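The values are calculated or read from the model by the stated rules, or taken from the named source; none is laboratory data. No experiment lies behind these values; they were computed from the predicted model shown. Ideal geometry is used to build each Cβ from the backbone, glycine not excepted, and the neighbour counts take in all protein chains shown. Each accessible area value is taken on the protein alone, full model and side chains, heavy atoms only, with ligands, DNA and RNA left out. Shrake-Rupley method; radii C 1.70, N 1.55, O 1.52, S 1.80 Å.
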Amino acid sequence: MLIGTAGHIDHGKTTLVKVLTGVDADRLPEEKTRGITIDLGYAYTQLPDGSVLGFVDVPGHERLIRNMLAGSTAIDFALLVIAADDGPMPQTREHLELLDLLDRTEGAIALTKIDTVTPERLEQVQLEIRELLASTGLRDAPVFPLSGHTGEGVPALRAYLESAATNRPAPPSGGRFRLAIDRRFTINGVGTVVTGTAHAGTITVGQTVMVSPPGLTARVRGLHVQDRKAETGRAGDRCAVALKGDFDKQDIERGMWLIDPSRHLPLTRFQGELRVPAGQQPLKHMQTVHVHLGTDNLVGRVALLDCKHVEPGGTALAEILLERETLALRGDRFILRDASARRTVGGGRVLDIFPPTRHKRTEKRLALLDQMRHDDPAATLQALAEQAAAGIDLQRFALAWNLSDGEAETLWEHSGIKVIRDRDSTTGFTQPAWIALKTRLLDTLAGEHENSPDMIGVEPDRLRRMTLAPLARAPFDALCHELLALGQILQTRAWLHLPAHQANVTEADQEQFAQLKPLLDEQPYNPPRVRDVANATGVPEHEVRQLFKRLARAGELYPVAHDHYFTAATVARLAGIVRELNEGHGGARAATFRDIVYPDGSGGRKVAIRILEFFDRVGYTRRVRDDHVLREDSAAPPWSA
């Protein structure tokens, strides 16, 4: 269990930690000279069962709140220290307010310096403390009167802390590793070391990690957990991690994160819920604030979403706009301080790290954000999926909630979400949304057949855009495959259409094309263009162009480039060559494709490029640098003679 101290300056926090652990947490020379805590200090003590109790000692001065917050964001247990002679002081109240905003509800009160006061004063200050705690998450915390100098009362506090640590359930071990960095230094023979508390996941020696946001990749060279050498660290552990990578100590700062590389997603805005404590000033829309998140301290603005200002004691939904990048995940707690960083103005919890760029204040969006307050990922997943006509990005959902692969798969399975996967994405749909999407596609095809009865059908990529523009390729392909399997749509060459629809070429067009087709068959891989056909036959150019367009709509020809039509049989053969190149070389390149198609030099690189770009355009392949790679759904060419 990790215990964080809190309280006013000179109330005996560091002394108490030393009495409990035997360790002086003040490590800086200036701290020892001045007799006050300036930065975070750490101490550990072994429990009878062999486990370790950790302490984070924080400064109590009002100007050092940023350091106090850096040490308090990942503690398990709050130890609020109040001197009996002074009683609750300004930083007592401020620290307690911050702990409440951070949702720290497990704790105890150490009432120190009881050897300096009378029994009457001791009784009075305990009443003051109970009144102070009444409206906070620590309202039920026990109070332990004690003296750090005489030792009176310390055994009772120690016994309570040991019992709390022993009976406390282990923190969840799921999710990918993330640690908020609060210190970095260099040790001779070891290299750069960072320390912090692991928020989630596990870390092991030899593991590849990343310092984020800068994106510095490193290998874990060594590891200490709770001040002991270890091979593995877990969520809730204080870790010192020796890193091996191409960077220096100066490249790392407090506020950065040490993470599993898959969680590297720097952001500059997020949406969340916030609360303004009673007794503070109202929070205004677009107010400039200091945002304390993890161990970071950033300047930002608060864009209120459901109101124009938040009164003391009130809550709101808001978007936090940051001046630089940081990391955050759903559920992370944050504190807002005013522009001068001298007054707490609010605090809250991250709800959405992928907020929309538009329509942020609609009734529908605000209702969704309100549902996202629930800590059950299944409920949030269902709410998001119900509003996502084009499906929900499940990879982003798993990232936002920091789900491991196994946790994510279990959630998808139990939620009843229909999951569509491809190489780059995983998309989820509710069953009603999937059925609605099928209906929408069928209605789109019916409307297009009515508007263009002479067209054989609609090309897949165009049909996808007509059905629902934001719909990704993979779910659209899965949708089409289902409808094809059910016989609700048919595919003729590259076109999709309803079973009852049939586009016929008129007898006159067939007769005229029979006269022109030999010109296209003479050089099938580089046929003459419309103008050349007109010049060779004497048929007016505009008549040839209109004839070829009608034939293309019926699926007899393909416009590979402007005014450059290939027969369906030729396109089928070219598609086969592209497939063979993919099977043999992992992709089709213009030069190799040209050498196969035009061994006699009858066509150049420019024509070869246009053919390959045509296959990209109609969705048969996709461009990956210089290669044209078959799409995963292209198991068989949709072209036939």
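Taking every DSSP beta bridge that has both ends in the chain, the antiparallel portion is near 85%. Multiplying the residue separation of Q502 and D49 by 0.36 nm and subtracting their alpha-carbon distance yields 155.1 nm. Remark: the range 182-197, residue by residue, has Karplus-estimated 3J(HN,Hα) of 10, 8, 8, 7, 10, 10, 4, x, 10, x, 6, 10, 10, 10, x, 9 Hz, where x stands for each Gly or Pro and the curve is 6.51 cos²θ - 1.76 cosθ + 1.60 at θ = phi - 60°. Think of each Lys and Arg Cβ as +1 and each Asp and Glu Cβ as -1; about the Cα centre, that makes the dipole of the range 22-154 roughly 220 debye. The local environment of N167, defined by Cβ-Cβ distances under 13 Å, has a net charge of -3 under the rule Lys, Arg +1 and Asp, Glu -1.
All other residues whose Cβ lies under 10 angstrom from that of A78 are scored, Lys and Arg at +1 and Asp and Glu at -1, for a net of -2. Counting only protein heavy atoms and a 1.4 Å probe, tell me what percentage of the range 381-502's accessible area is made up of carbon and sulfur. Percent of accessible area from carbon and sulfur atoms in the range 381-502: 51. The calculated 222 nm mean residue ellipticity attributable to helices in the chain amounts to -10500 deg cm²/dmol, summing -39500 (n - 2.57) over DSSP H runs of n ≥ 4 and dividing by all residues. Give the accessible surface of the chain per residue, rounded to a whole number of Å², with probe radius 1.4 Å and ligands, DNA and RNA excluded. Dividing the accessible area of the chain by its residue count gives 45 Å². DSSP beta bridges fully contained in the range 1-129 are about 30 percent antiparallel.
Put a dot 7 Å past the Cα of K244, heading toward its Cβ, do the same for H359, and the two dots end up 5.2 nm apart. Seen from Q226, the other residues with C-beta closer than 14 Å to its C-beta sum to a net charge of -1, counting Lys and Arg as +1 and Asp and Glu as -1. With the highest mean first, a sort of the peptides 333-339, 242-248, 255-261 on other beta-carbon atoms found within 10 angstrom per residue produces 255-261, 333-339, 242-248.
This structure gives P(r) over Cα pairs in 20 Å bins from 0, in percent, computed directly, and of [x] 16, 37, 25, 16, 6, 1; [y] 20, 57, 23, 0; [z] 19, 52, 26, 3, 0 that value is listed as [x]. Between the residues N402, I420, T439, the greatest Cα displacement towards the positive end of the dipole of the range 385-442, with unit charges on the Cβ of Lys, Arg, Asp and Glu, is found for T439. Counting only protein heavy atoms and using a 1.4 Å probe, the accessible area of C307 comes to about 40 Å². Taking label positions 7 Å along the Cα-Cβ direction at both E613 and L519, the computed distance is 2.4 nm, reported to one decimal. Tell me, how many Å apart are the Cα centres for the range 195-234 and for the range 257-272? Rounded to whole Å, the Cα centres lie 17 Å apart.
In this structure the amide hydrogen of Y525, modeled in the peptide plane, comes within under 5 Å of no amide hydrogen from residues 5 or more places off or on another chain.
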